[in-house]
Structures are given as structure tokens and as C-alpha cells.
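Undergrad: The structure's right below; bear with me while I get my questions together.
Every number in this text was worked out from the coordinates using simple rules, so none of it is lab data. Just so you know, these numbers come straight off a predicted model, no measurement behind them. Quick reminder, even Gly has a Cβ in these numbers, built from the backbone with ideal geometry, and neighbours come from all protein chains shown.
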Amino acid sequence: MTQVTIERSAEIETEEPTEPLKVVRVRHWGRWAVSAVIILLIAQFLWSLVANEKYGWGTFGEYFFSDAVLDGLLMTLWLTVISIVGGFIIGTVLAVFRLSSSTLLNAVAWWYIWFFRSVPILVQVLVWYNLGYLYPRLGLGTPFTDDFWIFSFPTTSLLTAFAAVAIGLTLHQAAYSAEIIRGGIVSVDAGQTHAAAALGLPRRVRFFRIILPQAARSILPAGFNEIVGQVKGTSVAFIVALPELFYSVQVIYGRNQQIIPLLLVAVVWYAIITTVLSVVQYYVERRFSRGTVDLPPTPIYRAKKQITDLWHRLGEEDGKASPAVTSQTDTVTSYTDKESV
Amino acid sequence: MTIIDSNRPDPVDDAAPTVGKVEISHLTKYYGANRVLDDVSLTVEPGEVVSIVGPSGSGKSTLLRTINHLETFDAGSVTVDGRYIGYERRGDTLHELREAEVLKRRAQVGLVFQNFNLFPNLTARENITIAPVSLKRLSQVEADQRAMALLQRVGLHDSEKYPAQLSGGQQQRVAIARALALDPKVLLFDEPTSALDPELVAEVLDVIRDLATVGTTLIIVTHEIGFAREVSDRVVFVEDGRIIEIGPPEQVLRNPINPRTRDFIGRVL
Ligand SMILES: Nc1ncnc2c1ncn2[C@@H]1O[C@H](COP(=O)(O)OP(=O)(O)O)[C@@H](O)[C@H]1O
Ligand SMILES: [Mg+2]
């Protein structure tokens, strides 16, 4: 009995179809239901943004481009750039030390990383700002003495609030960057170093042309994480009253009590910076995966392709894909093809 | 495939090659307590093709890597044309050379790896030009021209492909072209076809066979017994870091004197 059934069904499945078979996709009803609920909740929230007057969009608009806010924004960006660039340069040196065969350099880097990952960044900034209390004068003089200076400056004139924050953030960032870069370097196959050495490539070429570009593939995602984090991390500057973005809006709402609208000003600016950085990250990562994977098309390319495909389908369903439509989609496709390369 | 190389004397109407002599004498190396090379002595004449066979773990790779000073050793000496790669001899002492000098001398010896080790972030052409350009042997333009000629010589036509876009056989041929870019006097091959699919082995062996005819000294570690018999002037059998038997391919690969060689050949054939 069973045997007969099996024979039958096999017969049916191998039967030559008269037309190409139609494929019916599985429908995911559960997913549809969950999506509908989520969309409803989002709509409700968006509606409240408009309807709820406490958000104070008027105040938001008034301050979004105000001088104080833009100055704060500039300060935030400036501190981010300094600490990220400085941090990654020092971090690269530390990573190389950590990987070197010299026990001394290794230990120096290990202790540096240990120290700066241990001390909270707030404490560090405060110490730099108040360094004048520990060391009233900085300069060049006879070692281990305190009275003979070739030249020196009062510490407080060197370590302004800006310098204290910039130095603190940079040294802090260097410790974290060092570990990220080291992780990237050790992820590169040892055969690469052997091949480079066998060719007699100088150390510098080996590191910058062979190892680092390959390490970059695993360094970049974590690295951009650090940059995005640092944009907000600069808000530690409030501890020495340095007006970056967040401190600036705090000062303003301290005066006018419009807390929510001004926090929104800061949040939206942060979101804009993060968005820009995310896009930059996407393209930088693409650049560094050259040659190692078949790159998927960019989202812009995919969006254009989807629109043209949809256009095509609509034309077909009408039963009359007009020549005008076809030629238009063709041009779009060829244009995006070029872009994807 | 024919090879035309203007940089080398034509083997047909010219005298025997004069450069590329490798002398290994009483070489001993330890990894910790493990003696990987045990009093190895071997002289390879200019232009000679020597194959090294032996079981896995017997020290073949280590031996090759000591020849171009990628590995240090504990006793003995290795010279190429009478000069140490990593040391300078003054009187009775060997002085370790500075890195720049080692790199320059190492360029006389090319090494081709089992798993190619091409630089994946560089195109085939860039893989070949990076060494001559960064060692200031050639300008970028000259190096590019040379790369094109070398690629043609190993039978490749698309110079702008990245390694990941090439088959294993093509990658290994680019790796050989890369090793040739510095005009080495000696070329070392460490199991150049072991990582290849069977149908790709022949194309790589073809390239090596052509090199064997133009007068470069070749030292080839291989499990391709048939190939070794065909191209080699001499075959060396190593086991446990020692040279067990050495002689013409007909002897070592067909009628080995040493029972251990016979045992090994019986197993791999
Ligand atoms: N970097 C290393 N550290 C410690 N031992 C090693 C290292 N490389 C190779 N060896 C050991 O040295 C011996 C010879 O290795 P190798 O030269 O690679 O042999 P073969 O190439 O003949 O297979 C093996 O026992 C191997 O385990
Ligand atoms: Mg080996």
C-alpha cells in the first residue's frame, strides 16, 4: 500500500510539465502581523511628536542654528578630529610596540594601555586641567632638580581647558585604538609577512602597503564605532566648562528652562553627525575590501535598480511596455552599472 | 610555452651559468629541544635543478627558509655565491648584518610558497612591481613593463585582477612571476603544487619546467615524483632533518640504495 503511494507521487513529480512550473512563495503571516503592530506604534509616536506641544518645535527651530549651538558643534567636531587622529596615530605606535619582539617596548605599551583604560576619562581631564597644582612650571631643565631651567612656562598658561580636554581624550583614545589596531594586525595571515620578508621588502613597506591595508578590514568597523562614540564622548568637556555642543545647550536651557527642545537640538545634531559618519564608513570599508570579496552593490544602486524593476513590471502588467519606458530603464541601468564598479 | 628572457644567457649557445651556487654545510637548527635540521650539507651548482623529497615534518621547509635567511640556525653555514645572506664574515667570526643589507642580499633568492601568499589587496601587476619599486631597482614605469613581460611569460594576460579573482594555478603563476621580478640567482619552491586542484598542477609545473631550462638555480621541494624525475639534475631525500640519500633522479627515485628512501618512494608512488 505504502509502496504504491510512493511510486505514484514519484511519478507525479517527475512528470513533464506542459508549461514552466509556477513557484508559490511561503507566506509569513506572523511577520506581517508583527510588522503591522510596529508600524502602528511608530505612527502613534510620530503623531505625538507633532501633536504634543511640550516638544516645543518652535524653540527647537529658534536654537538649532543659533551661534552658541553652532560654536558648540564646531568645538565637538574639532575635539573629535584631534582626539581620533592623535589617538589612532599614537595607538598605531603602541600596537607596533605591543607586537614587537622587544620586551621593553612591549611592556611600555602594555602599561600605557593598562593605565589609560583604568583611569576614568573625567578624572584624567581634571588632572590635566589642574596639573599646575602638581607641577607649577613645565619646561626643559636639569633632570631631577627643580631650580635650574633653560626655559619654562607656567603650567596653567599651557594647559587651557581646551588643551586639557584634547590631551585627555587623545591619550585615552590611544589606549583603545592600540588594541583595535593590534587586533587587526594579528588577524592578517602570517604568510603575508613571510612573503613580504622573502621578497626583501623594507619594514616600512611591509607594514604600510601589505599588513595595514589588510588589517584595516577588521580595524575599520571597530574604528568607526570609536569615532561615533567619541563625538558624544567629547561631552566630558563640561567638567572644565568648555562649551562643546552638549554643554552649550545645557547653558541655554539653564537660562530659559526649555529643557526638552534644547536636548532635541543636541540629539538631532548628534544624529546628523552619526548619519554622515555611517555613510562614510560604508564607502571606506568598501574601498578596503577591494580584491578580497565580490562587493555587493551599494544601496543607492540597489534602490535605483528596484525602482527600474518596478517600473518594468508595471509596464508588463499593463500588457504594453512602451518603448519610452524601456529605453529609460536601460539608461538608468547602464549608469548604475558604472557606478557600482 | 616558450620562454624568452633577455636577462639571462641563452643556455643553448652559451657556457654554463656562473652564478647561483648554494653551499650548505653542517647546518643544524633546533626549535626548542626539537632538532629540525641535523648536520645538513649540500652544494648546489650554478644552474642546477635539485629536488628535495621526504616525509612531512622532515624539515624541508625549514631548510629552504634558512637558505634565504628567513630562519636563523644554530650551527653550520649557508652561502649563496660564497656570501652569507644574514652575516658578514670577518676573520673567524660572523657579524650579523643590518636589516637593509640582509634585505638586499635576500633578493638574490626567490621563494615560492605552497599557498602562494600573494598580497590580496594588490592586483597581479602590483604584486609583481612592489618589490623592485620599493627596493629602488626599477621605476614604476619600468617595473610595470617588466611585470607585463613576466605575466606573459607565465601565461597570464589579465594584469589588473586581484588574487581572489584568479584560480589557484593562476595565483601560483603570479607568485612565480613575483619571485622572478627581482632577477634572483636562485629560486626556491616549497611544494608549489600541493595546494592546487589536480587539474591545475600541470600549468604550474609547465612554468617551472621552463625555468629549469634557462639556467636559474632551482631548489624544489615537491611530492610530484614524476616531475622531480623529469626536471631534476639531482634528487635529495631527507628524513628527520637529515639527508638520507642524494643522487641522480634515476637512482634516488627508481633504485634507491637506502631502504628508507625505497620505503618512502614506494608509499608516494
Ligand atoms: N615555527 C616553528 N616552531 C616550532 N617548530 C616548528 C616550526 N616550524 C616547523 N617546526 C617543526 O619543525 C619540523 C620540520 O618542519 P618543516 O620544515 O615545516 O617540515 P616539512 O616542510 O618537511 O614538512 C616539524 O617537526 C615542525 O613541527
Ligand atoms: Mg613544508
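Undergrad: Ratio of chain B's C-alpha Rg to 2.2 N^0.38 Å, to two decimals?
TA: After normalising by residue count via 2.2 N^0.38 Å, the value is 1.00.
Undergrad: In a GNM of chain A with a 10 Å cut-off on Cα contacts, which of A:Arg290, A:Arg27, A:Arg182 has the highest mean-square fluctuation?
TA: Comparing A:Arg290, A:Arg27, A:Arg182 in a Gaussian network model of chain A, the most mobile one is A:Arg27.
Undergrad: Now for a different question. Return the Rg/Rh ratio of segment B:108-266 with Cα-based radii and a Kirkwood Rh.
TA: Rg/Rh: 1.02.
Undergrad: Quick one: work out the % antiparallel among DSSP beta bridges in the protein assembly as shown, nearest 5.
TA: 60
Undergrad: State the dimensionless ratio Rg/Rh of segment A:65-295 (Rg: radius of gyration of Cα atoms; Rh: Kirkwood radius).
TA: 1.05
Undergrad: Still on this structure: What are the residues whose amide H is under 5 Å from the amide H of B:Phe189, where those residues sit 5 or more places off or on another chain and H is modelled from the backbone?
TA: B:Val112, B:Ile219, B:Ile220, B:Val221
Undergrad: OK, next. If each residue's Cβ is checked for other Cβ atoms within 10 Å, how do A:Val205, B:Val22, A:Val26 rank with the fewest at the top?
TA: Arranged by neighbour count, lowest to highest, A:Val205, B:Val22, A:Val26 become A:Val26, A:Val205, B:Val22.
Undergrad: Quick one: A:Val127, A:Val37, fewest Cβ neighbours within 10 Å first, how do they rank?
TA: Lowest to highest Cβ neighbour count: A:Val37, A:Val127.
Undergrad: Considering only the other residues whose Cβ falls under 15 Å of the Cβ of B:Glu99, what net charge follows from Lys and Arg at +1 and Asp and Glu at -1?
TA: With Lys, Arg at +1 and Asp, Glu at -1, the net is +4.
Undergrad: I've got another one for you. Taking every pair of distinct Cα atoms and averaging 1/r, then inverting, what Kirkwood hydrodynamic radius in Å comes out for the protein assembly as shown?
TA: Kirkwood hydrodynamic radius for the protein assembly as shown: 30.8 Å.
Undergrad: Continuing with this model, one more query. Report, in listed order, any pair from B:Lys21/B:Lys185; A:Lys22/A:Lys304; B:Lys161/B:Lys185; B:Lys29/B:Lys60; A:Lys304/B:Lys161; A:Lys305/B:Lys161 with a Cα-Cα distance greater than 20 Å.
TA: Beyond 20 Å between Cα atoms: A:Lys22/A:Lys304; B:Lys161/B:Lys185; A:Lys304/B:Lys161; A:Lys305/B:Lys161.
Undergrad: Work out from phi, with θ = phi - 60° and the Karplus expression 6.51 cos²θ - 1.76 cosθ + 1.60, the ³J(HN,Hα) of each residue of segment B:97-109, listed in order in whole Hz, and give x for Gly and Pro.
TA: 8, 5, 3, 4, 5, 4, 4, 5, 6, 5, 5, 6, 10
Undergrad: While we're on this one: Rounded to the nearest 20 Debye, what is the dipole magnitude of segment B:42-126 about its Cα centre when Lys and Arg each give +1 and Asp and Glu each give -1 at the C-beta?
TA: 180
Undergrad: Also, quick follow-up: Which whole number in µm²/s is D for segment A:55-180 by Stokes-Einstein, with the Kirkwood Rh taken over Cα pairs at 25 °C and 0.890 mPa s?
TA: 143
Undergrad: Picking from A:Pro261, B:Val207, B:Val102, whose Cα lies most toward the positive end of the charge dipole for the protein assembly as shown (charges on Cβ: Lys, Arg +1; Asp, Glu -1)?
TA: A:Pro261
Undergrad: Straight-line reach from A:Lys232: which lysines have a Cα under 16 Å away, not including same-chain ones fewer than 8 places off?
TA: Result set, ordered by chain and number: empty.
Undergrad: Then there is this: Which far-off residues, 5 or more places away or on another chain, put their amide H under 5 Å from the one on B:Val36, with H placed in the peptide plane?
TA: B:Lys29, B:Tyr30, B:Tyr31
Undergrad: Give the calculated FRET efficiency between A:Phe208 and A:Trp78 to the nearest 0.05, with a Förster radius of 30 Å applied to their Cβ-Cβ distance.
TA: E between A:Phe208 and A:Trp78, to the nearest 0.05, is 0.65.
Undergrad: To continue, here is another question. Using each residue's phi in segment A:121-130, evaluate 6.51 cos²θ - 1.76 cosθ + 1.60 at θ = phi - 60° and report the 3J(HN,Hα) Karplus result to the nearest Hz, with x for Gly and Pro.
TA: Coupling constants for segment A:121-130: 4, 4, 4, 4, 4, 4, 5, 4, 5, 9 Hz.
Undergrad: Oh, and also: Grab the DSSP H runs of chain A that are 4 residues or longer, score each as -39,500 (n - 2.57), total them, divide by all residues and round the 222 nm result to the nearest 500 deg cm²/dmol.
TA: So the calculated ellipticity at 222 nm is -24000 deg cm²/dmol.
Undergrad: State the answer as a single residue: which of A:Val251, A:Leu105, A:Phe60 lies farthest towards the positive end of the charge dipole of chain A, with beta carbon charges of +1 for Lys and Arg and -1 for Asp and Glu, about the Cα centre.
TA: Towards the positive end, the residue furthest out is A:Leu105.
Undergrad: Got a sec? How would A:Trp57, A:Trp47 order by Cβ neighbour count within 10 Å, fewest to most?
TA: Least to most surrounded, the residues fall as A:Trp47, A:Trp57.
Undergrad: Along the positive direction of the dipole of the protein assembly as shown (beta-carbon charges: Lys, Arg +1; Asp, Glu -1; about the Cα centre), which of A:Val165, B:Tyr87, B:Pro163 reaches farthest?
TA: A:Val165
Undergrad: Given H placed on each backbone N at 1.01 Å, which residues far from A:Leu138 in sequence or on other chains put an amide H within less than 5 Å of it?
TA: Amide H neighbours of A:Leu138, under 5 Å, 5+ apart: A:Phe153, A:Thr155.
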